[in-house]
Amino acid sequence: MPRAYAEVLDRARRRLDTLDWYPAPVRLKRVRLVVAPWFFRVPPFRRFDGYALHNTILLRLPPGAGGASDDLVTHELCHVWQMQHRPLAMPLSFLRYGYGRNPYELEARRAAAETAG
C-alpha cells in the first residue's frame, strides 16, 4: 500500500480514536486501502464512492486533492471498526434495515461529522 494511503488511514484512525463507542480502538494492522474504480461500475455499487470490507476499504478515487476525502476514509474506517467488534451483526444489519436507516451507516456518518475539522 502506498505510503500516502497509509497516512490517510492513520489520520482517520486518529479521528476515530477520539470516540469511545467500542471497547477497543480501531486496529489498522491488516487494513488496506485500495483504489478500485472498476468495483463502482458494478450496478449495486454505482451510488457509492467508498465501500468497506472486513479489512479492506475500496475507494472509487484515490485519496487527496480532487479524490476521496478524509471524511470518506474516516466513514469507511468506522465500518471496519464496527466489523472488528461485530463481524457478523454489522454486515447482516443491511439485510434487516437496508441502507438509509441502518444504525451502523448512521453511526459511520456521525463519526465522520463529529470528528471533522
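What follows is calculated from the coordinates using simple rules that are stated; it is not laboratory data. The shown structure was predicted, so the numbers you read here are calculated from the model rather than taken from an experiment. Please note: Cβ atoms are built from the backbone with ideal geometry, for glycine as well, and neighbour counts cover all protein chains shown.
Flag: ARG109 does not match the condition of being in contact (Cβ under 8 Å) with a residue 40 or more places away in the chain, among the basic types (Lys, Arg) and in contact with a helix residue (DSSP H, G or I) (Cβ under 7 Å, 6 or more places away or on another chain).
Selection over region 51-86 of residues that are assigned to a loop (DSSP other than H, G, I, E, B) and either surrounded by fewer than 16 Cβ atoms within 10 Å (Cβ to Cβ) or in contact with a Phe, Trp or Tyr (Cβ under 9 Å, 6 or more places away or on another chain) (or both) gives a count of 11.
Here is the figure for region 87-107: residues that are out of contact with any Pro (no Cβ under 8 Å at 6 or more places or on another chain) and either in a helix (DSSP H, G or I) or hydroxyl-bearing (Ser, Thr, Tyr) (or both) total 13.
With respect to the conditions (1) closer than 23 Å to ARG3 by Cβ; (2) among the hydroxyl-bearing types (Ser, Thr, Tyr); (3) surrounded by fewer than 16 Cβ atoms within 10 Å (Cβ to Cβ), TYR97 falls short on a single one, namely (1).
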